[in-house]
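Input: a single structure, listed below in structure tokens.
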Amino acid sequence: MTVRALSLLESRALGVLIEKAHTVPDSYPLSINSLTLGCNQKTARDPVLGALESEVQLAVDGLKSLHMCFEASGSRVRRYEHNLGRALALPSASVALLAVLMLRGPQTASELRTNADRLHRFADLSSVEAFLDELAERSEEKGGALVIKLPRAPGAREPRWAHLLCGAVDVSAMPVAADSEDFVAASEVAALKANQAAMQTELAELRGLVERLYAELGVQRA
């Protein structure tokens, strides 16, 4: 099932609901006031937002229409909890990775392991990468990929990952490390052009030599 792209605030609200279920279980599900505070939090958020409660309520209503969150019963104040795992048939580890990506933006696998520790404890880095690969290779029948591996940036040791819940990510304008698999350095292009020019010169000289041999032998070319 294909799900429409989320807005930035919808993804932030969803990430907060997932995060707070683990970090403040005693006050979970969250009221709109608490959810708004979580969305506008200054730490562990990228970008930092300044959303109004009315805007967060609209975001929650949008998530409810997608079955990604629902209103909890048994409280005089409206409270909400996430439903991402059931809505998209994802394991808790994948939900944790998506939550951290929605809250903090693109990150490396190492950063994700550290930042997701309170939501899900991964055994090692390869475990994180395995879940990321699974999310990136998610079949079209299930709705398609939910994360993408970004080109490694100049000076970076690892590539970063980004979520796709808000739609496709444009990687064409992103700076790429010179030794990235998909990057050809300007010096390498210049070297290839120089080699091509040298080969063309050598070929022209060989052709001239062949023509002289034909002339000296008095043989006409077929």
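A search for C-beta distances below 9 Å between a residue of the stretch 61-78 that is in the same structural domain as LEU35 (by TED's automatic domain parsing) and any residue that is assigned to a loop (DSSP other than H, G, I, E, B) and modelled with pLDDT under 90, counting only pairs 6+ apart in sequence or on different chains, returns LEU66/VAL3; MET68/VAL3. Select from the stretch 5-37 the residues that are outside any helix (DSSP H, G or I) and more than 26 Å from the chain's Cα centre (by Cα) and write down the one among them that is surrounded by the fewest Cβ atoms within 10 Å (Cβ to Cβ). Among those that are outside any helix (DSSP H, G or I) and more than 26 Å from the chain's Cα centre (by Cα), it is VAL24.
For the stretch 10-23, the criterion of being more than 25 Å from ARG121 (Cβ to Cβ) and either modelled with pLDDT under 95 or touching a helix residue (DSSP H, G or I) at 6+ places or on another chain (Cβ under 7 Å) (or both) is met by at least one residue. Residue count for the stretch 108-119 satisfying the condition of being surrounded by fewer than 16 Cβ atoms within 10 Å (Cβ to Cβ) and either in a helix (DSSP H, G or I) or at positive phi (or both): 2.
Any residue at all in the stretch 128-150 that's part of a loop (DSSP other than H, G, I, E, B), under 25 Å from THR43 (Cα atoms) and over 14 Å from the mean Cα position of the chain (by Cα)? Checked against the condition, which is being part of a loop (DSSP other than H, G, I, E, B), under 25 Å from THR43 (Cα atoms) and over 14 Å from the mean Cα position of the chain (by Cα), the stretch 128-150 yields no hits at all.
Of the helices (runs of 4 or more DSSP H) lying entirely inside the stretch 42-107, the ones with 3 or more residues being of a type in the set (Asp, Glu), at pLDDT 95 or above and surrounded by fewer than 18 Cβ atoms within 10 Å (Cβ to Cβ) are found at 53-65.
Going by the structure shown, is LEU192 part of a helix (DSSP H, G or I), modelled with pLDDT of 55 or more and closer than 30 Å to ALA156 by Cβ? Here the answer is yes, as LEU192 does meet what is asked.
Based on what the data block shows, is VAL16 under 17 Å from VAL100 (Cα atoms) and without any contact (Cβ under 8 Å) to a residue 12 or more places away in the chain? No; evaluated as a whole, the condition is false for this residue.
The values are calculated or read from the model by the stated rules, or taken from the named source; none is laboratory data. As the structure is a computational prediction, the values presented were derived from the model and not from experiment. Ideal geometry is used to build each Cβ from the backbone, glycine not excepted, and the neighbour counts take in all protein chains shown.
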